[in-house]
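Q: Here it is, the structure, as structure tokens.
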Amino acid sequence: MSSRTVIRGGLVVTASDEIHADVLIEDGRIAALAASGTPAAEAFTAERTIDATGKYVIPGGVDAHTHMELPFGGTFASDTFETGTRAAAWGGTTTIIDFAVQSVGRTLREGLDAWHAKAEGNCAVDYGFHMIVSDVNQETLKEMDLLVEEGVTSFKQFMAYPGVFYSDDGQILRAMQRSAENGGLIMMHAENGIAIDVLVEQALARGETDPRFHGEVRRALLEAEATHRAIKLAQVAGAPLYVVHVSAQEAVAELARARDEGLNVFGETCPQYLFLSTDNLAEPDFEGAKYVCSTPLRPKEHQAALWRGLRTDDLQVVSTDHCPFCFVGQKELGRGDFSKIPNGLPGVENRMDLLHQAVVDGHISRRRWIEIACAAPARMFGLYPKKGTIAPGADADIVIYDPQAEQVMSAETHHMNVDYSAYEGRRTTGRVETVLSRGEPVITEREFTGHAGHGVYTPRSTCQYLN
Ligand code: URP
Ligand code: ZN
Ligand code: ZN
Ligand code: ZN
């Protein structure tokens with residue numbers, strides 16, 4: 001028995017078009033679109049009708065950077081796959097790509113199996129995995145080929161965090177050479193962690209223990225240097241490169257230069273770098289710990305370069321790097337020593353709204369909003385056009401978005417399992433009203449109507465974004 005839904009009267013916004021159209025959904029997929037009011041649209045029949053008059057009808061968000069339950073700094077990110085994907089749904093995100101972790105001395109397979117076990121049966125929306133490679137050896141390199149074949153087509157390496165996730169230049173080069181052969185995409189955490197650790201030690205020796213020193217020792221120059229080095233290593237390997245969580249204007253400049261040379265180099269930034277700054281890190285009474293993440297928040301002056309990069313396509317994707325730690329009991333681990341504050345910010349629920357606010361504020365166009373939050377991440381990570389657009393054949397992952405509704409972001413009202421909001425008190429215009437995941441309503445007029453286990457693992461093809 002087929003089940004059909006029709007969404008009538010909304011403005012359908014994709015990365016390429018804006019049209020007043022009715023959308024017919026059948027068996028979880030988009031079956032057809034037709035201009036509203038035309039005979040073709042009138043002919044759509046369905047068991048369920050959603051009235052989207054005055055609303056946007058947009059593709060569900062694709063958040064390509066989350067860390068549910070990540071072990072970090074002696075604790076675990078506070079959102080589980082259940083709570084984190086429910087919050088994602090509330091925020092209009094219908095696909096996450098989370099980072100499975102290879103521990104040093106373990107295989108990629110062990111890490112991936114562990115992440116499948118955490119996620120399976122628990123997710124409210126669909127999910128895929130990248131793989132964090134912390135131990136590059138002959139076995140790991142062979143395993144990368146197998147993972148690409150089974151839909152884990154991207155691998156994160158760290159130039160930061162010596163002794164934890166860190167890879168040296170030789171290990172990075174080997175992984176890049178492998179990905180040049182197997183079609184995988186290397187995602188780089190580009191910060192010079194060896195130099196940063198020296199500056200951390202020196203700062204602590206001077207008694208500089210407050211959260212704001214986290215931002216000072218993780219110098220923009222050391223992000224730029226690592227970004228430059230990663231680009232050159234990728235060039236030597238003949239591999240594409242995706243730099244995660246870009247925050248420094250100097251790093252954007254490195255990406256722009258490489259792209260002008262025609263290299264397959266891509267950049268992601270995150271809402272925290274677009275909307276927050278070192279002013280937050282400097283908040284008194286240890287409140288700054290709420291804003292400790294890496295790369296760190298930068299002085300406000302960097303934001304213009306990030307917005308510009310998003311407009312000029314020197315940056316392609318906005319993901320959240322959602323990695324929440326509660327203030328009480330988790331961020332507090334770093335009282336008296338900023339280097340012990342677990343790194344990461346909550347945001348999976350806030351991204352679509354904050355980027356809509358950027359449309360309202362004139363930073364980006366409506367279509368660019370959908371490009372950087374839905375279509376580009378789907379193409380970058382091999383999910384397009386199943387995810388990231390509204391077109392016949394695509395999964396019916398659709399958000400009915402009210403562009404007029406006002407809201408105030410707050411820990412009191414959000415759904416992430418964390419005791420603070422990085423955007424507490426911020427007023428935004430625009431709000432998710434209804435969310436469909438493969439045609440099923442998971443948010444219905446601002447009520448959660450989904451369930452844990454609705455979301456399924458989604459294997460990915462290789463990057464569809466290459467020159
Ligand atoms: O501070 C951050 N970004 N925490 C998550 C781990 C990472 O480096 O992405
Ligand atoms: Zn990182
Ligand atoms: Zn991350
Ligand atoms: Zn279901």
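Q: So which GluC sites (Glu not before Pro) in the stretch 36-78 pass both tests, a DSSP loop state and at most 15 other Cβ atoms within 10 Å of the Cβ?
A: Loop-located and lightly packed - GLU47.
Q: How far apart, in nm, are two points set 7 Å out from the Cα along the Cα-to-Cβ line at VAL456 and at LEU221?
A: The two pseudo-label positions are separated by 5.3 nm.
Q: Let me ask something else about it. Quick check on the exposure proxy: order GLU332, GLU254, GLU150 from fewest to most C-beta atoms within 10 angstrom.
A: Neighbour counts put them in this order, fewest first: GLU150, GLU332, GLU254.
Q: Still on this structure, please answer the following. Specify the angular offset, from 0 to 90 degrees and rounded to the nearest 10, of the alpha carbon long axis of helix 303-312 from the longest principal axis of the alpha carbons in the chain.
A: Once rounded, the angle reads 50 degrees.
Q: For the residues SER319, SER3, what sequence is obtained by ranking on other C-beta atoms within 10 Å, fewest first?
A: If I rank by nearby Cβ atoms, fewest first, I get SER3, SER319.
Q: For the pair ASN467/THR107, report the inter-label distance in nm, with labels modelled 7 Å from Cα in the Cβ direction.
A: Between ASN467 and THR107, the simple spin-label model gives 3.8 nm.
Q: Here is a further query. Taking the Cβ of PHE44 as the center, what net charge do the other residues with Cβ under 12 Å away carry, scoring Lys and Arg +1 and Asp and Glu -1?
A: Taking every Cβ under 12 Å from that of PHE44, the sum is -1.
Q: With runs of 4+ DSSP H residues as the only contributors, calculate the mean residue ellipticity of the chain at 222 nm using -39,500 (n - 2.57) per run, divided by the residue total and rounded to the nearest 500.
A: Calculated mean residue ellipticity at 222 nm is -8500 deg cm²/dmol.
Q: Next question, about the same structure. Could you line up HIS454, HIS189 from fewest to most neighbouring Cβ atoms inside 10 Å?
A: HIS454, HIS189
Q: Using the beta-carbon distance between SER2 and HIS415 and R0 = 22 Å, what value does 1/(1 + (r/R0)^6) give for FRET efficiency, to the nearest 0.05?
A: Between SER2 and HIS415 the formula returns 0.10.
Q: Between THR444 and VAL198, what length in nm is gained on full extension when 0.36 nm per residue of separation is reduced by their alpha carbon distance?
A: Gain on stretching THR444 to VAL198: 83.4 nm.
Q: Pull out the extension gain between ASP361 and VAL328, defined as 0.36 nm times the separation in residues minus the alpha carbon to alpha carbon distance; nm, one decimal.
A: Between ASP361 and VAL328, full extension yields 8.5 nm more.
Q: Kindly express, to the nearest 10 degrees and within the range 0 to 90, the angle between helix 81-90's C-alpha long axis and the longest C-alpha principal axis of the chain.
A: Between the helix axis and the principal axis of the chain, the angle is about 50 degrees.
Q: Rounded to the nearest 10 degrees, what's the angle between the helix 249-260 long axis and the longest principal axis of the chain, both from Cα atoms, 0 to 90?
A: 70 degrees
Q: Counting only Cα atoms, I'd like the Rg/Rh figure for the chain, Kirkwood definition for Rh.
A: Reported Rg/Rh, Kirkwood definition of Rh: 0.96.
Q: What distance in nm lies between label points placed 7 Å from Cα along the C-beta direction at ASP27 and ARG335?
A: Modelled inter-label distance: 5.9 nm.
Q: Hey, what do the phi angles of the stretch 228-242 turn into as Karplus ³J(HN,Hα) couplings, whole Hz, using 6.51/-1.76/1.60 and θ = phi - 60°, x for Gly and Pro?
A: 4, 5, 4, 4, 5, 5, 5, 5, 4, 7, x, 10, x, 9, 10
Q: Can you tell me the FRET efficiency between ASN137 and GLU406 if r is taken as the Cβ-Cβ distance and R0 is 56 Å, rounded to the nearest 0.05?
A: It comes to 0.55.
Q: Just how large is the dipole of the stretch 60-380 about the Cα centre, in debye to the nearest 20, putting +1 at every Lys and Arg Cβ and -1 at every Asp and Glu Cβ?
A: Dipole about the Cα centre, nearest 20: 500 debye.
Q: Tell me, in nm to one decimal, what length is gained between ALA43 and GLU149 on full extension, where the rule is 0.36 nm per residue of separation less the Cα-Cα distance?
A: Gain on stretching ALA43 to GLU149: 33.9 nm.
Every read-out reported here was derived from the displayed coordinates using simple, explicitly stated rules and does not represent laboratory data. Source: prediction; values computed, not measured. Neighbour counts run over all protein chains shown; Cβ positions are idealised from the backbone, glycine included.
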